[in-house]
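The values are calculated or read from the model by the stated rules, or taken from the named source; none is laboratory data. Computed from a predicted model, the values in this text were never measured in an experiment. Note that we place each Cβ from the backbone using ideal geometry, even for glycine, and neighbour counts take in every protein chain shown.
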Amino acid sequence: MKKVLIIPSLLLAVQAIYAQVPEEALRLSWRTQAGTARNQAIGGAMGSLGGDATANIVNPAGLAFFKTSDFVLTPGFQFGKEKNNFRGTNYSGKNDGSTLIGTSGWVFGGFGYKAKNSFAITVTKTANFNQRVSYTGQNNMSSFATPLADEFAASHLTIDQALNSDNISLPTKMALYTYLVDTAAGQVIARSEGTSMLNQEHYSEISGGITEITLGMGHELNKKFLLGASLGIPIVKLDRNTYYRESDATGDINEFSFMAFRENFSLRGAGLNLRAGLIYRPQDYLRFGLAIHSPDMMMVRERYNSGMAADVENLFSNSYDSVASSEFTSDREIQSRYTNYSPTKIILSGSYVFREVEDVTKQKGFITADIEYVNYKWMKFASYDEETSGSKEYYQPFNEAIDVLYKGAFNFRLGGELKFNTIMARLGFAYYGNPYKDNADLKASRMNLSGGLGYRHKGIFIDLTYVHRINKDVNFPYRVSAPLSNTFANLKETNGNVLLTLGFKI
């Protein structure tokens, strides 16, 4: 049994308005490197290598290596399976699949004085949210209703006052409506805590992703220095449907049989980001790169609705009741708008090119590596409109919750290629570090193992890559107040990506 203590007042303040805001902030920011099939085969390392359309979203200085123009198209397919553990109970899911698009578009090289400028326009699916999360287990420590009862008790309102208050969260109002949370003998109670053991189950289905349109430019300052910058327009779509259920595991006749909660959440938005970088070549065969990625500043809109049902057996003759969130919103869907900032990224990179010559057809291969730093504490929520002192105060608990939960992490990418005339063989590795501050209990990481083949001949190139991904994360079904400990599920997902890049010199 694994437990973790957190500072709850900040998190409960956040949950009173939105559904798992810290988790959604991380979902938008914790991403692995996307790219062409060639780039993915070498682990995604592109900070100093250049000569690939993926440079547009990693280090645009790498675009300056282009002296001709390319068109690339990268379709792909992802498939995978989840294996989760919740309070000692293992769960194995079904295989799921979805399509994706790696870096695709145009790179126009060899422009300007002495052909030193290059331009690019690319489209890349930089994040894929498609995922199913399922787990079940037994719990004698807390209930879904525990934080709802705590919120109601802390308000010092009567039940009627709470049901009509804008400062009480919708789940708490629904729990009061169904008598899951109530008052008895002058105390606030959560009826599901009246049993010594609960069966708990969670199921969520997430879909969507982030697709980015990127405009970039590279410039060869001289033989040793290359510079570049790009402007990205990320477009986000996220849908999450969640179902949670608790039932009395004892079989006793008391005042609780079961409760169920459903939640439908959608997020849409678009924004801007900037990337800038340089590549330094002290020798023909050595390349060093530095790139800085600004935060994605995305203006988003959330929509949310939910429902709750409870059977408080032996309390009334008709003990079952249910309610929808629309009961408290005059039948209107809940909407909110805000600005989300992802963390800044800093990338250092180095490459060694075997037999580096100006004629790339005579190069024999390379080894390349990236080190990337991302501080997830830099994630931020702000007002959709002009920021004021009032809006800063409104979003303060959101940002303080992020500061409590997350930390900085290093990501590593390594890859290489060997060239045999028109055929290339590639291998790669990538590791993305744990973003959680409590990394002793919250084990999370992402690791990619990749390999692929490439073909180049007479202006046509074809790359085929397989990436094996091993993702570890955690999921909290709900959060409780200290001194209680939060319980969570350990998630493990293994999946594979197959990518094919078709390219033409134009």
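Closer than 20 Å to Asp296 by Cβ, of a type in the set (Ser, Thr, Tyr) and modelled with pLDDT under 90: which single residue out of Tyr395, Tyr432 fits that description?
Unique residue meeting the criteria: Tyr395.
Does at least one position in segment 473-482 carry a residue that is basic (Lys, Arg), crowded, with 19+ Cβ neighbours inside 10 Å and modelled with pLDDT of 95 or more?
No, segment 473-482 contains no residue that is basic (Lys, Arg), crowded, with 19+ Cβ neighbours inside 10 Å and modelled with pLDDT of 95 or more.
Would you mention how many residues in segment 48-66 are under 17 Å from Asp284 (Cα atoms) and assigned to a loop (DSSP other than H, G, I, E, B)?
Final tally of qualifying residues: 5.
Can you name every one of the strands (runs of 3 or more DSSP E) wholly within segment 159-224 that holds 1 or more residues which are free of Cβ contacts under 8 Å to residues at least 40 places away in the same chain?
Counting at least 1 such residues, we get 181-184, 187-190.
If a residue has to be under 30 Å from Phe225 (Cα atoms) and in contact (Cβ under 8 Å) with a residue 60 or more places away in the chain to count, how many in segment 65-103 make the cut?
So the count comes out to 11.
Could you please let me know if Gly102 is modelled with pLDDT under 90 and touching a strand residue (DSSP E or B) at 6+ places or on another chain (Cβ under 7 Å)?
Answer is no for this residue.
Please work out if Val360 is of a type in the set (Val, Ile, Thr) and at pLDDT below 95.
yes
Just one of Asn199, Asn140 is over 30 Å from Trp30 (Cβ atoms) and modelled with pLDDT of 95 or more; which is it?
After applying the criteria, what remains is Asn199.
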